[in-house]
Amino acid sequence: MAIGATMAALHAFLTVTMRANQVVSGLSITLFGTGFASFLGQRLGPATNNFRLVGLKAARFTPITIPGLSDIPVAGALFRQDIISYAVYLLIPLTWFYLYKTRPGLWLRSIGEDPQTADAMGIDVVKSKYLYTILGGALIGLGGAHLSLSYTPGWSENITGGRGWIVVALVIFSMWNPLRSIWGALLFGGINAVQFRLQASGTNIPANFLNMLPYLGTIAVLVLMTWWEALSKKIGAPAALGVAYMREDK
Amino acid sequence: MSLVFEKRKNISKSALVVVPALSFIVSLILTGIVLAVFGANPFTTYAAMFHGAFGSLYGFGETLVKAIPLSLTGLGVALAFRLKFWNIGAEGQLTLGGVAAAGMALFWGKNIPPALLLPAAIAAGSLAGALLAGLPAILKTRLKVDETLVTLMLNYVAILFSEYLYYGPWRDPKGYGFPGSALFPEAAWLPRVFGRAHFGMYFAAALAILLFIILKRTRWGFELTIIGNSPKAARYQGIGVERNIVLAILLSGAISGMAGAFEVTAISHRLQQGLSLGYGFTAIIIAWMSQLNPLAVPFVAILMAGILVGGDQVQLMMGLPAAMGSVMQGLILFPLLAGSLFTEFRIRRVRKEPKFACVEGEK
């Protein structure tokens, strides 16, 4: 989480203060992050493993079973998860509540829609952008920790498999609403699960095509959502998304 | 005292050169710190890297071998970025280009006169790259679908598809289970110049000059520049924005696809694993460091290729992870991005008192 936050702070510095292009800055952080992770992966491990992290079993989070609730059929699986998953259960409604029901949440959304107006209202646009970008980075770092500590114990090269990009499509699918992101996450998680199930069931479809499913699914979701938004004229995206705020431009 | 940012009327010419150079130095220093933390002497490491990449004819040949695909994909990416079309699918376009060229070389040898097999393979590669880039371009212009994600997702799709082929139907039956296609007929081998450095380097250099001329001296290039700066202004001028974007992105993908075709016809002579070693992603750094200027791309590509080859070299010699090269490349981008502030803005120090800020007028 700390790493995620630091990387996000860098992103914020580049895009908010230095007004660099957000897409390119995000890209460069990705390139650096994967390069640096693979560098560290070959250095940080113990000497017994040739300093490599690959192939090591990490100390992992053990699933915590909540007595009673976990015995419910189907839904019981929700209560046999590790601590990060439980944190997610809490974070989703909390984030939603913060965004839509509190004053700072309103400020946050107004910065996204119209930073000039927000500035005029006395909101510190630059400070807020920093704060929320860093906070978001910390959450994403938590996601990475979940991958290496819980989902597959241990680290391997390219462990994320483009998940960080797929979530962008997820956010679009959820129309920027944390509550709807549950459905988005279930959809993309479902695609993953279908892929593994099909593989395990021994179909004739080559594994490589099954592995394409998450990526093709992402493209399909993007196309459908963009199309639907154009039809319904209902856009979830903040109006000022991707635009650097320049106070001098007023 | 406080700092004031003013948008420059004209992009600063000197900053265009100084900022990338400084970024490279900053990256050297930052990587040096990382190296020192891990107990390696940065100076000897850099010296070994430089020697490995440029110190011998063999090393320089290997650097050129990597610089060719980097330069081509860099040109493709730079062209797309000039239109503010964030094509980060060069990796996939290169891969699919290699696949199509391999398909042509492997299965069409009997139907095509030998003299035409190599051109046909390269054309097939370019076409495949163009098609893979064309899909997101059409989605973007027709439906306004975000091209960043689509191009990126297609990378994974193209790579998985190529793996499917050389692990599956295209696998060499005589390959002792080694994943890879059969060797191409020699008619489809691109001649080499020295070492493994092949004729693709002349193509890459010629293409850089050609693109520069197209962008700076032709009507089409002028239209593309207007579209890149302001699609709205272009529309008022009666320029077909969507059509031109699609055309330019097809060209961008074709260039990357050609890089893939060169890789298989000149280097591996078969379709196998490791067709692209992240060239399409490094291309983004190259395009940005060249400030999207095609003429600068080959030189930056040679520098980046040198970092990669040098990185491999220090891995062999000093046991440092080869990923050090990618760390270094990643670290170049940050100061570069931060530095773009200086090319586009003028920074002045002003006193807090407003009257001084007013007195200090425009130049």
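Each Lys and Arg Cβ is given +1 and each Asp and Glu Cβ -1; about its Cα centre, the range B:69-302 then shows a dipole of about 520 debye.
Taking the longest Cα principal axis of chain B as reference, the axis of helix B:114-143 is set at about 40 degrees. Relative to the longest principal axis of chain B, what angle (0 to 90°, nearest 10) does the C-alpha long axis of helix B:241-262 take? The helix B:241-262 is inclined about 50 degrees to chain B. Among B:HIS198, B:HIS51, B:HIS269, the order by Cβ neighbours within 10 angstrom, fewest to most, reads B:HIS51, B:HIS269, B:HIS198. Close amide H contacts of B:HIS198 (hydrogens built in the peptide plane, cut-off under 5 Å, sequence separation of 5 or more or a different chain): B:VAL193. Highest GNM mean-square fluctuation among B:THR151, B:THR282, B:THR141, for chain B modelled with Cα contacts below 10 Å: B:THR141. Here the Karplus curve 6.51 cos²θ - 1.76 cosθ + 1.60, taken at θ = phi - 60°, turns the phi angles of the range B:97-112 into couplings of x, x, 4, 5, 4, 5, x, 4, 5, 7, 10, 10, x, 7, 8, 10 Hz, with x standing for Gly and Pro. Karplus-based coupling profile of the range B:37-52, in residue order and whole Hz: 4, 8, x, 10, 6, x, 5, 5, 4, 5, 4, 5, 4, 4, 5, x, with θ = phi - 60° in 6.51 cos²θ - 1.76 cosθ + 1.60 and x standing for Gly or Pro. A simple count of charges around B:ALA182, restricted to other residues whose Cβ falls under 11 Å of its Cβ and scoring Lys, Arg +1 and Asp, Glu -1, yields +2. Other residues lying with their Cβ under 11 Å from the Cβ of B:GLU62 contribute a combined charge of +1, Lys and Arg counting +1, Asp and Glu -1.
Proximity of backbone amide H atoms, modeled 1.01 Å from N, is registered between B:VAL145 and B:LYS140 at under 5 Å, excluding neighbours fewer than 5 places apart on the same chain.
Listed by Cβ neighbour count within 10 Å, with the fewest neighbours leading, B:ASP146, B:ASP172 appear as B:ASP172, B:ASP146. Legend: ranking of residues B:PHE60, B:PHE178 from fewest to most surrounding C-beta atoms inside 10 Å; resulting order B:PHE178, B:PHE60.
So what's the angle, to the nearest 10 degrees on a 0 to 90 scale, between helix B:57-82 and the longest Cα principal axis of chain B? Result, in degrees: 60.
Every number in this text was worked out from the coordinates using simple rules, so none of it is lab data. Remember, it's a predicted structure, so these values are computed and weren't measured experimentally. So basically every Cβ, Gly included, is an ideal-geometry build from the backbone, and we count neighbours across all protein chains shown.
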